[in-house]
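The values are calculated or read from the model by the stated rules, or taken from the named source; none is laboratory data. Note that the coordinates shown come from a computational prediction; the quantities given were computed from them, not determined experimentally. Note that each Cβ is placed from the backbone with ideal geometry, even for glycine, and that neighbours are counted across all protein chains shown.
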């Protein structure tokens, strides 16, 4: 079994809309929250900032963790192949300054066809991978968060002889 892929992801809400990345594959549309796998040496936040720039051409403020989604091919909903790589999606509550307008980047992923603000009430009618629409709606109605504790901000113990 392959190692888990770590995937920081952005949950950006504005005026009862959620920012989604639109894909077309085999003639069918589906959506994802913006985000993606980490590159070697990146922190979660660095990776998410890069992915937001690459997928939606924006610079968002990364906030605390909204929720975490784990995919494991041997313990799944049935929507995925059992050969897929396990992944851990860390979904951050992010904010986007009003002046930032999400748009398709100059060099999008070959299957990416758009960047959309989707009304929350339409989430149930879209194909969203993973199918976390209910969790997005629960978060929108009751935004409870988990802190990301980064070691660089912790106070170091004094060395004792």
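Restricting the search to the range 112-132, which residues are assigned to a helix (DSSP H, G or I) and within 19 Å of residue 64 (Cα to Cα)?
none
When residue 64 is evaluated against the numbered criteria (1) surrounded by fewer than 14 Cβ atoms within 10 Å (Cβ to Cβ); (2) at negative phi; (3) at pLDDT below 95, which criterion, by number, is the only one it fails?
Every listed condition holds for residue 64 apart from (3).
Could you grab me the full set of residues in the range 7-30 that are over 11 Å from the mean Cα position of the chain (by Cα) and assigned to a strand (DSSP E or B)?
Matches in the range 7-30: 13, 14, 17, 18, 22, 23, 24, 25, 28, 29, 30.
Among (1) without any contact (Cβ under 8 Å) to a residue 40 or more places away in the chain; (2) exposed (fewer than 13 other Cβ atoms within 10 Å of the Cβ), which single condition is residue 121 missing?
For residue 121, the failing item is (1).
Exactly one of (1) part of a helix (DSSP H, G or I); (2) within 12 Å of the chain's Cα centre (by Cα); (3) closer than 14 Å to residue 94 by Cα is unmet by residue 55. Its number?
For residue 55, the exception is condition (3).
Taking the range 1-36 only, how many residues are out of contact with any strand residue (DSSP E or B) (no Cβ under 7 Å at 6 or more places or on another chain) and surrounded by 13 or more Cβ atoms within 10 Å (Cβ to Cβ)?
Result for the range 1-36: 1.
Filter the range 135-161 down to the residues that are part of a loop (DSSP other than H, G, I, E, B) and more than 23 Å from the chain's Cα centre (by Cα), then identify the one that is modelled with the lowest pLDDT.
160
Could you grab me the full set of residues in the range 133-147 that are in contact with a helix residue (DSSP H, G or I) (Cβ under 7 Å, 6 or more places away or on another chain) and within 15 Å of residue 68 (Cβ to Cβ)?
Scanning the range 133-147 gives a single hit, 136.
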